[in-house]
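For reference, the structure is listed below as structure tokens.
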Number of protein chains: 2
Amino acid sequence: MITGKNYIGEELSSKGDVSFKTFDPKENKETAATFYEATTEEVDAAVEKAASAFKIYKQKTDSEKTEFLEAIAVELESNAEALKEIYRAESGLPEGRSNGEFARTCNQLRAFAEMLKEGSWVESIISNPEGKPDIRRMQVPFGPVAVFGASNFPFAFSTAGGDTASALASGSPVVVKSHPLHAGTGELVSEAIIKAAKKTGMPDGVFSNLNSKGIEVGEWLVKHPKIKAVGFTGSYKAGTALTKLAADRPEPIPVYAEMGSINPVLALPSALEEKGDFWAEQYAGSITAGCGQFCTNPGLILGIESPAMESFVQKLGENLSNLAPSVMLSPGIEKQYETSKAEILNQEGYHEVSKYDGELQPNFGRQHVITVPGAEFLQNKNFHKEVFGPFSVIVKCKDKTELAEVIQQLEGQLTGTVLNSEEKELNEFATIIDSLTETVGRIIYNSVPTGVEVCAAMTHGGPFPSTSNAKFTSVGLTAVQRWVRPVSFQDWPQSLLPQALKDENSLGILRNINNKYTTDSL
Amino acid sequence: MITGKNYIGEELSSKGDVSFKTFDPKENKETAATFYEATTEEVDAAVEKAASAFKIYKQKTDSEKTEFLEAIAVELESNAEALKEIYRAESGLPEGRSNGEFARTCNQLRAFAEMLKEGSWVESIISNPEGKPDIRRMQVPFGPVAVFGASNFPFAFSTAGGDTASALASGSPVVVKSHPLHAGTGELVSEAIIKAAKKTGMPDGVFSNLNSKGIEVGEWLVKHPKIKAVGFTGSYKAGTALTKLAADRPEPIPVYAEMGSINPVLALPSALEEKGDFWAEQYAGSITAGCGQFCTNPGLILGIESPAMESFVQKLGENLSNLAPSVMLSPGIEKQYETSKAEILNQEGYHEVSKYDGELQPNFGRQHVITVPGAEFLQNKNFHKEVFGPFSVIVKCKDKTELAEVIQQLEGQLTGTVLNSEEKELNEFATIIDSLTETVGRIIYNSVPTGVEVCAAMTHGGPFPSTSNAKFTSVGLTAVQRWVRPVSFQDWPQSLLPQALKDENSLGILRNINNKYTTDSL
């Protein structure tokens, strides 16, 4: 049952006077529960509990944390139907998506559990050549982490999503600022985490969940001296504001903000000539996937003018017109979509490709694609802006030189994609492809950017402004690196050394010993 | 010969009107050469050259970069006498130190060369389970790096020091802002780097060296849109100013600022009872090493009141009085030393232990140690301040509880040290030792904090304010991680994949393939 209360550690709490409700965008009406906005006192209590829990939680072995993460997945699965139901109500997302994202979230928790079982993630390094001090280094968690739930992934990027899973794996307690659009989903997911924490003997305070419709709770959290890092997925505006807030603290802390991207797609001539229809179909699907509300939505398609490109554009337009629009996450997001789109459509110099003009239910998003000549795109930065929703700009460059200039001008992106049908063309465009690669965190060949695998090799990150820190990923196993720092132990007694650094490699992990990688003991 | 000019890539340049001279603090007179402050135009030219060089340099193989780094060491060695002579003149540091730091600097370059030969530093990860996209990730350099020379290590933390060596190893061109105290040393070191770059076929612009006595050149560098990261060793004031400047850029960039520390030493009762005289001798040496001008200088010694502690304090005082003072790096630094010390000595509630009162030559630094009761230290933060020079505060706590409070209150530190003679005492003080470990980047057992090994396991870093980013080290092989970011290649053609990610592991490096570490090919 959804109580609408905050989880201050294991305790349900509703001390505030401010309340709000969530909204079913498909039914176009409020959902049943009433949520209580966390007070400063509640924020403080959650962080204080997290700081106390940290002293205990950071000492938990990888194997104990494994049990905890696996238990969270089990608790989620034991309440799957209720979770998916409130997820769908609060997001308008369809059943298939609720199933997929739910499975992804449980798998993600288990993937981090597997990483802990393997154990080498602590990056153990031992240097003790003869005649020198014995120095041993590993990664350790540095304190409570604040996680901001994302609007567009109520399961996978929110309460028990990648930020929380990776932070808990690292040994860091988590305080979630629940996303106001899906506070009910957040509460039920939190309930599962709290149950798992109790069952596996984790300290009270290892996890808290705070409701908030305004910006204050998030600000208090980021400014709290006992919060040591922040994970965020959302808008550029909110992400940069939080990053600035954290940098201005007496003790600055890192904010890992994933702030979105227009995900340029470079359609090389051969791809459009040989497989134009195929890509027109694939991209109609990718542009409208999740009603365009993915961080990796292809908002920009770049090519060189040609009859093949004209035909691709036309096909893409036709395909888009034939797709039924879907509901957006909330009335506010639908309104924002129309506003951002209007700002771009207010410019001169573009052409309509496809604009869904039929009647729509409330809160549904109209897919919309335009073309812009390369020269126009180069001189009008408004066409570079991200529009959160099923909107894309196709840039028609007059030649390779203009295409190179366009790519040179792009800001940092989560992904870049190259479509190609002839290997030799890759050499001709090598400099342009290299330039695109410099701009992105993930470069994709002959596919669509939507879809982000949870695996060790994933980078869901990229140069500013796609994120606040290009050195890390928010998806995949190396996401754990965000919450740890190295400590070196010099001539430290064996009895006091952490397990991962003792002479005997009882964990069987990979270690760098005097510049050789080995699983041997010393 | 020292020309006093800037190196804009391979070109010597002196377009400015502003000039300055360096100063021999031991002889108390200016040195011969005149240095020309870089102009905005020269800063811009250096960065533009670096940005162009980046396109070529980042493509160099690890084996080509190895040759470059080794060639720098060889060029330095071929001009060793002239280098050490100007080093000693510009720093006042003695011959033994010039030899030691010179050897360290060459060894450091060779250590990064060895890391490149081994090759696994790129952190290659391949995830391609059946039925999923093929994703391959590695670390790549992200652009030109600005390095600020440090006053206290003209060789090892300056022009060809750890920041430069690690950045060049990563594939990033470097623009050095030379430290004004040792601009002559900087120029001769730069000459060696430029010669090595030419001999090994590196692009013009891979390295530049800018003279500057004021703060403008550094600010222009940090604000230049084509500078992508900054390495800095120096004061808290300058480090935080640069960090803020970089955060306020339209495209914020990381600043890795190592800003110093008071390096607390926890002298447990057993250590003072059983080896008090030994530690009094060791610490007299450590406090005055390099005239106290090391980032790891032990500025704070913590213990619990006892006759053994009294005797340690007395012995330490005697030893310090018997040591001959040495010259500081410059008149300005000596003056600043006296000023910072006076601010502390203006407080009430401390006792003198040892204060060198004899006659001194100009620019020599007087070693000075005081004791402060724990209660006083807890309530007066002035006693926590770093004094750059041979000054230390000994805190006498009345009991374990007060000691715990003192450690709890400390800010982030580069190092912490534990002195102990009885293993069971470590258990009694386990919580306090853990609390100290949370505060530092390197925790040392039964030694002195001065001395920082260049090895893979070193962390010369620590929580704020000892550095601006606790996740990285400025000394040791993992220093390279500061200049790189991950890129993931999805379904990328073998022909275009970087060598480290191809199916065939021709580099023989360690890779994570589907969560197994292996040097096998796919």
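Percent of Cα pairs in region A:236-344 per distance bin of 10 Å, from zero to the largest separation: 12, 33, 28, 17, 8, 2. Label-to-label distance, B:ASP434 versus A:ASP357, with points set 7 angstrom from Cα along the beta-carbon direction: 6.9 nm.
By accessible area, using a 1.4 Å probe on protein heavy atoms only, region B:264-445 has 46% of its surface on carbon and sulfur. Estimated from helical segments only, the mean residue ellipticity of chain A at 222 nm is -12000 deg cm²/dmol, where each DSSP H run of four or more residues counts as -39500 (n - 2.57).
Checking the cross-link pairs A:LYS223/A:LYS244; A:LYS132/B:LYS424; A:LYS5/A:LYS199; A:LYS21/A:LYS195; B:LYS237/B:LYS355; A:LYS15/A:LYS177 against a 18 Å limit on the alpha carbon distance flags A:LYS132/B:LYS424; A:LYS5/A:LYS199; A:LYS21/A:LYS195; B:LYS237/B:LYS355 as lying beyond it.
Contact order, relative form, for region B:264-445: 29 percent (alpha carbon pairs under 8 Å, 6 or more residues apart, mean separation divided by residue count). Taking 4 °C and 1.567 mPa s as conditions, region A:264-445 diffuses translationally at an estimated 79 µm²/s according to Stokes-Einstein applied to its Kirkwood radius (Cα pairs). The aspartates and glutamates whose alpha-carbon is closer than 15 Å to the alpha-carbon of B:LYS502, local same-chain residues fewer than 8 away aside, are B:GLU123, B:ASP134, B:ASP491, B:ASP520.
Against chain A, whose longest principal axis is taken from its Cα atoms, helix A:183-199 shows a tilt of about 30°. Working note: Karplus 6.51/-1.76/1.60 with θ = phi - 60° gives region B:376-382 the couplings 5, 4, 5, 9, 10, 5, 4 Hz, where Gly and Pro are set to x.
Residues whose amide H comes within less than 5 Å of that of B:THR519, counting only those at least five positions distant or on another chain, are B:ARG511 (H built at 1.01 Å from N in the peptide plane).
Copy-to-copy label distances for B:GLN408, where each label lies 7 Å from Cα along Cα-to-Cβ, are 5.9 nm in order of increasing length.
Rounded to the nearest 20, the size of the Cβ-charge dipole of region A:152-214 about its Cα centre is 60 debye, with Lys and Arg at +1 and Asp and Glu at -1. Near B:ALA308, within a Cβ-to-Cβ distance under 11 Å, what is the net charge of the other residues, with Lys and Arg +1 and Asp and Glu -1? Result for the neighbourhood of B:ALA308: -3.
For the cross-link pairs A:LYS26/A:LYS65; B:LYS26/B:LYS213; A:LYS228/B:LYS228, the ones whose C-alpha atoms lie over 28 Å apart are A:LYS26/A:LYS65. Take A:ASP357, push a point 7 Å out from Cα through the beta-carbon direction, and compare it with the same point in every other copy: 9.7 nm, smallest first.
Rounded, prolate or oblate for the protein assembly as shown? Axes are the square roots of the Cα gyration tensor eigenvalues, ordered a ≥ b ≥ c, and the cut-off for rounded is a/c under 1.5. Judged from the Cα gyration tensor, the protein assembly as shown comes out oblate (a/c at least 1.5, b/c at or above a/b). Over chain B, Cα pairs under 8 Å with separation of 6+ residues give a relative contact order of 18 percent.
Per-residue Karplus couplings for region A:83-95, computed as 6.51 cos²θ - 1.76 cosθ + 1.60 with θ equal to phi - 60°, are listed in order as 4, 5, 5, 5, 4, 5, 5, 7, 10, x, 6, x, 4 Hz, Gly and Pro entered as x. With the charge dipole of region A:264-445 set up from +1 on Lys and Arg Cβ and -1 on Asp and Glu Cβ about the Cα centre, the Cα lying farthest toward the positive end among the listed residues A:SER286, A:PRO390, A:ASN363 is that of A:ASN363.
Relative to the other identical copies, A:THR40 shows label-point distances of 4.4 nm, where the label point lies 7 Å from Cα along the Cβ direction and values run shortest first. Amide H contacts of B:THR415: B:ASN263, B:GLY441, B:ARG442, each under 5 Å away and 5 or more positions distant or on a separate chain (H built 1.01 Å from N in the peptide plane; Pro and chain starts excluded).
With the charge dipole of chain B set up from +1 on Lys and Arg Cβ and -1 on Asp and Glu Cβ about the Cα centre, the Cα lying farthest toward the positive end among the listed residues B:PRO465, B:THR233, B:MET115 is that of B:MET115. Using Cα pairs closer than 8 Å and at least 6 residues apart in sequence, work out the relative contact order for region A:20-162, in percent. Over region A:20-162, the number comes to 24 percent. Taking amide H as placed 1.01 Å from N in the peptide plane, the amide H of A:PHE23 sits under 5 Å from that of A:THR31, each at least 5 places away or on another chain. Closest approach of any chain A Cβ to the axis that rotates A onto B belongs to A:ALA247, 2, distance given in whole Å. For region B:1-157, the solvent-accessible area of protein heavy atoms averages 40 Å² per residue (probe radius 1.4 Å; ligands and nucleic acids excluded). Summing charges over all other residues whose Cβ lies under 13 Å from the Cβ of A:TRP279, with Lys and Arg as +1 and Asp and Glu as -1, gives -2. Loop-located GluC sites (Glu not before Pro) in region B:433-511 (DSSP state other than H, G, I, E, B) with a sparse environment of at most 15 neighbouring Cβ atoms within 10 Å: B:GLU504. Here the dipole of the protein assembly as shown is about 200 debye; that uses its Cα centre as origin and unit charges on the Cβ of Lys and Arg (positive) and Asp and Glu (negative). The overall shape of region A:70-207 is prolate: from the C-alpha gyration tensor, with semi-axes ordered a ≥ b ≥ c, the ratio a/c is 1.5 or greater and a/b exceeds b/c.
Summed over both chains, the area buried between A and B is near 5500 Å², taken from the accessible surface of protein heavy atoms with a 1.4 Å probe.
Remark: chain A carries a charge dipole of roughly 1300 debye about the Cα centre, counting +1 on each Lys and Arg Cβ and -1 on each Asp and Glu Cβ.
Per residue of peptide A:508-515, the mean number of Cβ atoms on other chains within 10 Å of the residue Cβ is 3.
The values are calculated or read from the model by the stated rules, or taken from the named source; none is laboratory data. None of the values given here were measured: they were computed from a predicted structure. As a convention, Cβ positions derive from the backbone with ideal geometry for all residues, glycine included, and neighbour counts pool all protein chains shown. Just so you know, the surface numbers come from the protein's heavy atoms only, side chains and all, with ligands and any DNA or RNA stripped out. Shrake-Rupley method; radii C 1.70, N 1.55, O 1.52, S 1.80 Å.
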